1. Of all residues in region B:14-45, which are under 16 Å from residue B:263 (Cβ atoms) and not in a helix (DSSP H, G or I)?
2. Would you check if there is a residue in region B:261-276 being open to solvent by 40 Å² or more (accessible area, probe 1.4 Å) and closer than 30 Å to residue B:49 by Cα?
3. Going by the conditions given, is residue B:202 open to solvent by 10 Å² or more (accessible area, probe 1.4 Å) and more than 9 Å from chain A (Cβ to nearest Cβ)?
4. Can you tell me which of B:228, B:239 is open to solvent by less than 20 Å² (accessible area, probe 1.4 Å), of a type in the set (Gly, Ala, Ser), within 10 Å of chain A (Cβ to nearest Cβ) and farther than 20 Å from residue B:19 by Cα?
5. Going by the structure shown, is residue B:230 under 14 Å from residue B:27 (Cα atoms) and either assigned to a helix (DSSP H, G or I) or at pLDDT below 90 (or both)?
6. Conditions first: (1) more than 15 Å from the ligand (Cβ to nearest atom); (2) open to solvent by 60 Å² or more (accessible area, probe 1.4 Å); (3) more than 24 Å from residue B:144 (Cα to Cα). Residue B:191 passes all but one, so which condition is the exception?
7. Could you tell me whether any residue of region B:25-35 is surrounded by fewer than 17 Cβ atoms within 10 Å (Cβ to Cβ) and not basic (Lys, Arg)?
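The values are calculated or read from the model by the stated rules, or taken from the named source; none is laboratory data. All values reported here derive from a predicted model rather than from experimental measurement. Neighbour counts run over all protein chains shown; Cβ positions are idealised from the backbone, glycine included. Please note that ligands, DNA and RNA were not included when accessible areas were found on the heavy atoms of the full protein model with its side chains. Shrake-Rupley method; radii C 1.70, N 1.55, O 1.52, S 1.80 Å.
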Amino acid sequence: MSLGTLARVALGELERAVMAQLWSADAPLTVRDVHDRLERELAYTTVMTVLGRLAKKGLVRQERDGKAYRYAAAASREQMAAEVMIDALGDVGEDRTAALVAFVDRVGPAEAEALRRALDTPAGTPPPTPPRSPES
Amino acid sequence: MASVWLTGLALVLAGPVPALLARARWTRAVPRAAIVLWQAVAVAAVLAAVGSALAAPEALLRVLTHPQDRTGVPLVIAVGVAALLASLIVVRLLGVLVLLAVRTRVRRARHRDMVDLLARAEQNLAVGSLRSGTVLRVLDGAVPFAYCVPGRVGREGRVVVTGATLDTLCPDELSAVIAHEQAHLAARHDLVREGFTALHQAFPVVVRSREARDAVALLLEMLADDAGRRTHGDTAMAGALDAFASSGASVDANDEVLMRRDRIRAHVRGGRALAVGTYLAAVALVVVPTVTIVIPWLGEALPVVGVR
Ligand SMILES: [Zn+2]
């Protein structure tokens, strides 16, 4: 494993840990909040970098609160899982993109449709980021 | 004359040929060669269409005017119309291809990001025997299924399986599934699919581009199945497909999975002769029209325009 790969693996693990904190929080967190909750030897700037990366990917929302920035997950864990499923399962029929790629098992459009209805979002758009709805 | 031949060829390659090829069963024995044949049909059809667009105005000019009148304004108009018709086809196809490529890559990047965040970290390590260059991600999920997401150029793709997949499949079957997905990633099957998706989006009605896209998609699955069979055996690959098919609730998508399972169980594997014949047909599709129609036409048409 090269050094670069190692750094990327560590970064991925860190992103998961930071995201877990945002998901479990009731309200948006500052970098300091996240840093303290992580309970490990990390530089403040490292946490800031990770949050910045997640925000750039559109997975985390950044909002200004007085002097500090606060961060919140753009979607709940359940909503993100549902979006992944819809994206993957909906990979049949007429799409505006090429396939993610082929499946060993493809679930039919009916399932994808049911999932969409359960989420009550229009086809093709990612689920919005409404208040938490644990049942979805 | 070239214009008539090329138009006829384009129509045949866009209509009856894909219809027949999509229904053919022998292709399942030689998926790789059959995919190359499909690609040759597509390339030949597009070339013939472009060729007939280029040749048609000149042919009209020849019918409508005396040889000595084929200069000046009529000639300029003929050349202009030809260039316009041909570029309509080419620009449309290229435009769709670029748009599709961009959208697909944006979607895949977001999908990879989300899958990376949602993955169950502890189980990623439990499944060993991954070729380097791919990353396995295990998601929560009650339905067993597996897929892969190509990475950016030079970066790892993701093989994604649900937790139910790990629970349902025996180790051999799981390895076969992962080998199947890695075959998709290693051989860049996504690019093949993207080409046929672009063709369908660019010319959705005129041609049998949907049949082509779907037939090629199924052949790519069979090709990846064959990779799983080679490394982990027929029993493991067929068993995995069986488990996937019996757990899914939908009927139409499962038909394909069952067809692939039965193909493996029936030990469908094409002979060398069939594969070689298919490759030869693919080459002939592109070469023969070029040699017999386009080159003679160029010999006649270029002097008319003043090129020699
Ligand atoms: Zn596949």
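1. Within region B:14-45, B:24, B:25, B:30 qualify.
2. yes
3. On the way: open to solvent by 10 Å² or more (accessible area, probe 1.4 Å): no; more than 9 Å from chain A (Cβ to nearest Cβ): yes.
Against the criterion (open to solvent by 10 Å² or more (accessible area, probe 1.4 Å) and more than 9 Å from chain A (Cβ to nearest Cβ)), residue B:202 does not qualify.
4. The unique qualifying residue is B:228.
5. No, not satisfied.
6. (1)
7. Yes, region B:25-35 has at least one match.
Each row is one residue, and each column tells you yes or no for (1) buried (at least 18 other Cβ atoms within 10 Å of the Cβ); (2) under 19 Å from the mean Cα position of the chain (by Cα); (3) at pLDDT 80 or above.
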| site | (1), (2), (3) |
| --- | --- |
| B:43 | no, yes, yes |
| B:60 | no, no, no |
| B:76 | no, no, no |
| B:83 | no, no, yes |
| B:109 | no, no, yes |
| B:123 | no, no, no |
